[in-house]
Amino acid sequence: MGILQQKHIVLGVCGSIAAYKVAELARNLALEGALVDVVMTEAAQRFVGAATFQALTGRPVLNDMWDLPEDGVVGHVSLGTAADIIVVAPATAHTLARFAAGFCDDLLTTAVLATRAPVLCVPAMNVQMYAAAATQENIATLRRRGFVVLEPAEGRMAEPMVGKGRLPEIATIEGEIRVLLGRRNGPLRGRRVVVTAGGTHEPIDPVRFVGNRSSGRMGYALAAAARDRGAEVTLIARPTLLVPPAGVTMVPVETALQMHEAVLQACEQADILIMNAAVADFRPVEAATQKIKKDGKEELMLRLVSNPDILGDLSQRRDLYKVGFAAETEDLLANAQSKLSRKGLDMIVVNEAVATIGQDDIQATIVEASGSVLPLPRQPKQQAAESLLDAMVHHLNETLDAEPETSQ
Ligand code: C5P
């Protein structure tokens, strides 16, 4: 089940030209199963119609504080107290000022004042209004009080002006919502998770490399799923066209040697390592400094040397929960089981290499150190990532429960 399923999200929309963009956010959240209550300020209603949000969320849009529900519950207060998160997007200078001053003269300010849930403000406004001392001081006040206030994006504004004041990308806002919900009560909150993704590139010369077909999609989905469960996630991968999940720390690497160093360093502080990368087993002994020319050669010999086994080097770290991946073309289970014990893993995920690497779907089988084998259905990598993280959480909890209590 996704982190947004059945979550009460109050989406406060203020009067900025960016209000229309937030319709997409409302739609995405609702499609993920969240119960989205849109609250519009008076000014917001001049930019976008309530009908738009109502249709996208399937719930009535709440605008009037005095529009009391028939069951007699004081709606404007219960909205704040029942919320899992309040998201204010776009947040205008005026509404930020009202939050900072503690006003409660409309539905949104009242819900914000009455809530214990995280409040995420996403400013979008004129460049000068954002830079104004009053706005900056109000934002600093709100942050001091625990509000999360995103930085606006820079670029071309609706008025012919370039600067800082644009609404950040919807994916960034959605990522931040997932981070805050996860950190509030996700099963991995307080845990540090390191994920590796994609294939490494081992240089032959400045423009050529030895590599493989791994796209990185599985690892990126695992990083997002760990983030959604509240973990602090470091994603170590070669940069590609994939957009790193918002709220995840990205460590770019190119080669197996660089990944080796980055993983060892990140794991010093980590609780869980998910080693999904398709690390090149061999690298050219040395990379030519200039592009290798054909020069009429009939043959070119490449001498390769083996790369360090990253997981193998961590096999003694008993305090680190280690998950490996095995992409095999034959004897899937036997190969996975021998890798699991050879590398001292807690779990290994095995799949058929050709049917998976570079594809959108995966048929993964989970093999645990206890010997249990759980085949998952063939499914999109995002869905598989959710199942794999659920299995890890389950296994981790069991392991922790089984550990003898330390004496005082
Ligand atoms: O050693 P092999 O490639 O068969 O095992 C695959 C698992 O080991 C994957 O989890 C992969 O990320 C990891 N691996 C590693 N260091 C290597 C090669 C693979 O950690 N040099």
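The values are calculated or read from the model by the stated rules, or taken from the named source; none is laboratory data. Everything numeric in this text was worked out from a predicted model, so none of it was measured. Glycine gets a Cβ as well: all are built from the backbone with ideal geometry, and neighbour counts include every protein chain shown. Only protein heavy atoms, including side chains, enter the accessible area calculation; ligands, DNA and RNA are left aside. Shrake-Rupley method; radii C 1.70, N 1.55, O 1.52, S 1.80 Å.
A few notes on this one:
- Computed over the chain, the range of Cα coordinates on each principal axis works out to 78, 61, 44 Å, biggest value leading.
- Computed magnitude of the charge dipole of region 189-283 (debye, nearest 20; Cβ of K, R +1, Cβ of D, E -1): 340
- Surface composition of the chain: carbon and sulfur atoms hold 51% of the protein heavy-atom accessible area at a 1.4 Å probe.
- In this Cβ point-charge picture (+1 for Lys and Arg, -1 for Asp and Glu), region 187-399 has a dipole of about 380 debye about its Cα centre.
- Of all DSSP bridge pairs formed entirely within region 8-178, close to 20 percent run antiparallel.
- Dipole in debye (nearest 20) - the chain, about Cα centre, beta carbon charges: Lys, Arg +1; Asp, Glu -1: 820
- Rounded if a/c under 1.5, otherwise prolate or oblate - region 8-178, Cα gyration tensor axes: prolate
- Its alpha carbons considered, region 159-215 gives a radius of gyration followed by a Dmax of 19.6, 50 Å.
- Crossing angle, helix 256-267 versus the chain [Cα axis fit, 0-90 degrees, rounded to tens]: 50
- For region 243-379, share of DSSP beta bridges that run antiparallel, in % to the nearest 5: 50
- Counting only DSSP beta bridges whose two residues both lie in the chain, roughly 30 percent are antiparallel.
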